[in-house]
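Novice: Dumping the structure here so I can ask a few things about it.
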Amino acid sequence: MTKLRRTESAGEWTPKYIDAVSVTFVSTLLISNIAAVKLFGLGPATFTAGVLVFPITYIFGDVLTEVYGFVRARRVIYMGLLANIFMALILWLSVKLPPADGWTLQDAYAAVHNQAPRIVLASVLSYVAGELTNSYVMSSLKVVFDARRLWIRTIGSTIAGQFVDNALFVTIAFGGVYSTRLLMLAVLSGWLFKVFYEAAATPLTYFIVGKMKALEGVEHFDVNDKRRIIG
């Protein structure tokens, strides 16, 4: 394993692989928002289809915070926000473009993507609030536990962040469209699923975090809003 090094100046260290982690994070975010238009049932539970991929963003969000610190993670979160807004704009414009002669899918295409502005508004607000909550809680718990008990930090931050995210998204995206009972069921089902997903993915999170720390050669803490790298 690469030996971790100690330095008190964040300027002495340049991340090597944050671009790959960031691209994975933002890509899964965009995919999940497109899929989130659909609600599906699984037994008594109700989910948005975005739940299939969105938990992956939380795994890589945890990697961003754990390996690179809250400040860098926050920057990537905002980059994801801008990418999301850009995607929504392109989808909106694509619906408004006149269909070509012989292309018969305009109504179906519009029926799906005409929801995009509301979906994206829900996504923007829930994404920023949820991700920042997740990242802040995880960063704070890392200081409290002195970088130990990663499983408590990842699951604990997901419990907080995903509750904020799911409650805001479902309420804004589908409020007034579906019954209150269905909305509450969607919030609870999605939240519990994502928490259990994070718990089940803990070994994978441990593996990825360990590899990234070894590759980067750092153990990153956020103390008093300062980026401190120790090892």
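Novice: Of the residues Ser123, Ser139, which is closer than 25 Å to Phe60 by Cα, surrounded by 12 or more Cβ atoms within 10 Å (Cβ to Cβ), in contact with an Asp or Glu (Cβ under 6 Å, 6 or more places away or on another chain) and at pLDDT below 85? Quick ask: steps written out before the conclusion?
Specialist: On the way: Ser123 fails: in contact with an Asp or Glu (Cβ under 6 Å, 6 or more places away or on another chain).
Exactly one residue qualifies, and that residue is Ser139.
Novice: Could you please let me know if Thr28 is crowded, with 20+ Cβ neighbours inside 10 Å, touching a Phe, Trp or Tyr at 6+ places or on another chain (Cβ under 8 Å) and assigned to a strand (DSSP E or B)? Full working, then the answer.
Specialist: On the way: crowded, with 20+ Cβ neighbours inside 10 Å: yes; touching a Phe, Trp or Tyr at 6+ places or on another chain (Cβ under 8 Å): yes; assigned to a strand (DSSP E or B): no.
It is false that Thr28 is crowded, with 20+ Cβ neighbours inside 10 Å, touching a Phe, Trp or Tyr at 6+ places or on another chain (Cβ under 8 Å) and assigned to a strand (DSSP E or B).
Novice: Right, another one. Tell me, which residue of the stretch 84-94 that is in contact with a helix residue (DSSP H, G or I) (Cβ under 8 Å, 6 or more places away or on another chain) and exposed (fewer than 15 other Cβ atoms within 10 Å of the Cβ) is farthest from Arg118 (Cα to Cα)?
Specialist: Ser94
Novice: Continuing with the same structure: Among what's in the stretch 1-43 and is at pLDDT 85 or above and not aliphatic (A, V, I, L, M), pick the residue that is farthest from Asn84 (Cα to Cα).
Specialist: Top of the filtered list is Asp19.
Novice: Answer yes if at least one residue in the stretch 205-223 is surrounded by 14 or more Cβ atoms within 10 Å (Cβ to Cβ), at pLDDT below 85 and among the aromatic types (Phe, Trp, Tyr), and no otherwise.
Specialist: Yes; the residues of the stretch 205-223 include at least one that is surrounded by 14 or more Cβ atoms within 10 Å (Cβ to Cβ), at pLDDT below 85 and among the aromatic types (Phe, Trp, Tyr).
The values are calculated or read from the model by the stated rules, or taken from the named source; none is laboratory data. Fair warning: this is a prediction, and the values are worked out from it, not measured in the lab. Using ideal geometry, Cβ is built from the backbone for each residue, glycine included, and neighbour counts are taken over all protein chains shown.
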